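Input: a single structure, listed below in structure tokens.
The values are calculated or read from the model by the stated rules, or taken from the named source; none is laboratory data. Being a predicted model, the structure only gives us computed values, none of them experimental. FYI the Cβ positions are ideal-geometry reconstructions off the backbone, even for glycines, and counts take in every protein chain you see. What goes into the accessible areas is simple: the full protein's heavy atoms, side chains included, and nothing from ligands, DNA or RNA. Shrake-Rupley method; radii C 1.70, N 1.55, O 1.52, S 1.80 Å.
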Number of protein chains: 2
Amino acid sequence: MNIAVDAMGGDRAPEVVVEGAVAAARRFGVQVILVGDQDAVHAELAKHDPPPNAIQVVHASQVAGMDETPTDVLRKKRDSSIRVAFDLVKSGRAQAAVSAGNSGATLAVGTVVLGRLDGVERPGIAGVFPTLTGRTVVIDIGANVDSKPNYLYQFGLMGEAYAQVVLGVPQPRVGILSIGEEDSKGNELVKKAHDLFRTGTLNFIGNVEGRDVFAGHADVIVCDGFVGNVVLKLAEGLASAMGVMLKKELNADWRSRLGGLLAAPAFQRFKARMDYAEFGGAPLLGLRGVGIISHGASSAKAMMNAIRVAGELAAGDVPGRLALALGHRPASVPANTKNRPG
Amino acid sequence: MNIAVDAMGGDRAPEVVVEGAVAAARRFGVQVILVGDQDAVHAELAKHDPPPNAIQVVHASQVAGMDETPTDVLRKKRDSSIRVAFDLVKSGRAQAAVSAGNSGATLAVGTVVLGRLDGVERPGIAGVFPTLTGRTVVIDIGANVDSKPNYLYQFGLMGEAYAQVVLGVPQPRVGILSIGEEDSKGNELVKKAHDLFRTGTLNFIGNVEGRDVFAGHADVIVCDGFVGNVVLKLAEGLASAMGVMLKKELNADWRSRLGGLLAAPAFQRFKARMDYAEFGGAPLLGLRGVGIISHGASSAKAMMNAIRVAGELAAGDVPGRLALALGHRPASVPANTKNRPG
């Protein structure tokens, strides 16, 4: 199992990416292929002491800029680190690709290079949110705006396969994000999607509301990518703002300051629970292969976890599971390869 | 100034509503007209000692059920407490109506009884969110799904008038909620609305993202009612889930428990800052008069604050300001009445 990692993607690349890759190799025994400017990557690698034979470097002469349009990257950056990482997956040399670079370009390159599974109209991006009882998968968090009812149903299938592998739930409860629990509540998109979910194969629990996301009422929550992206960024922003407000109150008087110091380990545990870096990037689902889009501001820890999740998705054959759920076998990722004797 | 309050609306009506009304009269010197079953209301009033002449009771023989459709309430409940409260505003006996009852019915009854201002295609519901620097108004939080670009622009005008009066900001910064700051980011609705905002009279600051809501980058954030309702409930759910998680961590060991006890006043201040009950209900904007929709689970404190805000909106003549911004004088609420000599 090899994970191709775009060494040039992210606000602090290649430094942070290389550090995360070395940590993933050391901690999870993952094989990593770092893709990017070989001199820069080797210079960063020299600062660490990676496990022997755990890390390869593949050269890519170009980098996709953060402001470049996906179309420009597809046309003019055929030797960009993002592109070469996905080419390695396509050729079978790697089993998954990870990039913290230009996310629109990663989505476009991943889709063009790997191709969509039969029956998938649009790939979706899944996010994992912490809940009171565990974790929940929200899909789509930004690949598609102005979705159609079919897309939402396909997001449901993608979310199911992902939750099975990453959350370990055999029959994930799937809900549609809406503005009331009753079937009649929602916009046109949600109401039309309802009929597809009612008659489909998913373990469909109906509409869920914004407040249900963190209560853990569903394992998979489906929504249009505009709504999902707003939700993702709102949750990040609120968690961060609450942290700032709480810190301010804890510093307001000596009694609270002392209390805050004593409770520091509790705050640390709480922070770790809310920390997006723990969840390791957002998978691009619906493709004939595994791709992970990481946050541009990813820390080395976030990159390490993204590489770990990429390995889990490839080992759990999420594309194969999804293809089966869609009623098709994928051409390039046969579902049963791993269990076949001999 | 009289505020008509639906005494029968809300999960714990009339008890909690009457308690909140008495508190508003006592604390803010507001005159309240309690509308509902007169025997039940008088029985509750007898438990308190309201300031003399501060509270009147107007009988209504019906109550709108929580499960009744707006259409049914409009047709069959012409003597419901919600309806009678808005009738009092229409006739000029009250200057604002407040209900914590069936919110769909309140929206419909308020719209039908008071009528829309010229130039308003759809009334919007505004919510106030706490931010790092103060407060921000989000509109629409649930009156309209599948909005059109025109509606969003009108929500912007409504939000501006509301923020001027309630937040005291002379020229509120208005943004559109989207999935990226660039003008090109968003769904079809947002992109089309952009052109209207660019050429309009508002202090338009462009797109804002979910994470900007709590950072305080805008005074007014405009969105479709489906998105706004998801945002509202997600924020409530996340704040509540974070509280539960933090409490659990603080109880995990003796050192954290002691720290939590010492820091209790800080937690109280923090909680008050995040408490939706402080903001007192969501105004229904775009009508020829003032209406407030309160949460069904409102406490007496929340009702008290809703009555206070209703008084502020009427005193600040929000409908008149909005009518001027729309380029029209409202028929029933002349904008300059208050300042006219004699």
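For A:VAL230, the stated conditions hold: it is buried (at least 18 other Cβ atoms within 10 Å of the Cβ) and either at the interface with another protein chain (Cβ under 7 Å from one of its Cβ atoms) or touching a Ser or Thr at 6+ places or on another chain (Cβ under 8 Å) (or both).
Among the residues of region B:140-152, write down those that are open to solvent by 20 Å² or more (accessible area, probe 1.4 Å) and in contact (Cβ under 8 Å) with a residue 60 or more places away in the chain. Before you say what the answer is, go through the steps one by one.
If we filter region B:140-152 for residues that are open to solvent by 20 Å² or more (accessible area, probe 1.4 Å), which is where we start, we get B:142-143, B:145-146, B:148-150.
Residues satisfying the conditions are B:GLY142, B:ALA143, B:VAL145, B:ASP146.
Taken as a whole, the condition of being in a helix (DSSP H, G or I) and at pLDDT below 95 does not apply to B:ALA108.
Those residues that are of a type in the set (Gly, Ala, Ser) and at the interface with another protein chain (Cβ under 7 Å from one of its Cβ atoms), I need them from region A:240-271; list them, please. Break it down stepwise before answering.
So in region A:240-271, the residues of a type in the set (Gly, Ala, Ser) come out as A:240-241, A:243, A:252, A:256, A:259-260, A:263-264, A:266.
The answer is A:ALA241, A:ALA252, A:SER256, A:GLY259, A:GLY260, A:ALA263, A:ALA266.
When B:GLY291 is tested against (1) facing chain A (nearest Cβ under 7 Å); (2) surrounded by 20 or more Cβ atoms within 10 Å (Cβ to Cβ), just one condition goes unmet, and that condition is (1).
Within region B:182-200, the set of residues being in contact with a strand residue (DSSP E or B) (Cβ under 8 Å, 6 or more places away or on another chain) and more than 11 Å from every other protein chain (Cβ to nearest Cβ) comprises B:ASP183, B:ALA193, B:HIS194, B:PHE197, B:ARG198. Of all the listed residues (A:ALA282, A:ALA239, A:ALA264), the sole one being among the small types (Gly, Ala, Ser) and open to solvent by 30 Å² or more (accessible area, probe 1.4 Å) is A:ALA264. Residues of region B:215-235 that are closer than 20 Å to A:VAL222 by Cβ and either in contact with a Lys or Arg (Cβ under 6 Å, 6 or more places away or on another chain) or among the β-branched types (Val, Ile, Thr) (or both): B:VAL227, B:VAL230, B:VAL231, B:LYS233.
Looking only at region B:105-119, residues that are of a type outside the set (A, V, I, L, M), touching a Pro at 6+ places or on another chain (Cβ under 7 Å) and closer than 19 Å to B:GLY36 by Cβ come to 0 in all.
Does A:GLY296 count as more than 7 Å from chain B (Cβ to nearest Cβ), of a type outside the set (Ser, Thr, Tyr), open to solvent by 10 Å² or more (accessible area, probe 1.4 Å) and within 14 Å of the chain's Cα centre (by Cα)? In short, yes. Taken over region B:179-230, the criterion of being modelled with pLDDT of 95 or more and at positive phi is satisfied by B:GLY206 alone.
Which residues, taken from region B:170-181, are under 19 Å from B:PHE155 (Cβ atoms) and within 14 Å of chain A (Cβ to nearest Cβ)? If you could, list the steps in order and put the result at the bottom.
Taking region B:170-181 and keeping what is under 19 Å from B:PHE155 (Cβ atoms), we get B:171-179.
Residues satisfying the conditions are B:GLY175, B:ILE176, B:LEU177, B:SER178, B:ILE179.
Consider B:VAL174 carefully, then state whether it is in contact with a helix residue (DSSP H, G or I) (Cβ under 8 Å, 6 or more places away or on another chain) and open to solvent by less than 60 Å² (accessible area, probe 1.4 Å). When the stated conditions are applied, B:VAL174 passes them.
Within region A:201-218, does at least one residue satisfy the condition of being closer than 19 Å to A:GLU160 by Cβ, surrounded by fewer than 20 Cβ atoms within 10 Å (Cβ to Cβ), without any contact (Cβ under 8 Å) to a residue 12 or more places away in the chain and more than 10 Å from chain B (Cβ to nearest Cβ)? No, there is no match, as no residue in region A:201-218 is closer than 19 Å to A:GLU160 by Cβ, surrounded by fewer than 20 Cβ atoms within 10 Å (Cβ to Cβ), without any contact (Cβ under 8 Å) to a residue 12 or more places away in the chain and more than 10 Å from chain B (Cβ to nearest Cβ).
Consider region A:306-325 and keep the residues that are charged (D, E, K, R) and either on the phi < 0 side of the Ramachandran plot or in a helix (DSSP H, G or I) (or both). The one that is most open to solvent (accessible area, probe 1.4 Å) is A:ARG321.
Quick grid of which residues meet (1) assigned by TED's automatic domain parsing to the domain that holds B:ARG321; (2) in a loop (DSSP other than H, G, I, E, B); (3) touching an Asp or Glu at 6+ places or on another chain (Cβ under 6 Å):
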{"position": "B:MET245", "(1), (2), (3)": "no, no, no"}
{"position": "B:GLU249", "(1), (2), (3)": "no, no, no"}
{"position": "B:SER256", "(1), (2), (3)": "no, no, no"}
{"position": "B:LEU261", "(1), (2), (3)": "no, no, no"}
{"position": "B:PRO265", "(1), (2), (3)": "no, no, no"}
{"position": "B:GLY291", "(1), (2), (3)": "yes, no, no"}
{"position": "B:GLY296", "(1), (2), (3)": "yes, yes, yes"}
{"position": "B:MET303", "(1), (2), (3)": "yes, no, no"}
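Screening A:ALA143 on (1) outside the structural domain of A:ALA297 (by TED's automatic domain parsing); (2) out of contact with any strand residue (DSSP E or B) (no Cβ under 8 Å at 6 or more places or on another chain) shows it passes everything except condition (2).
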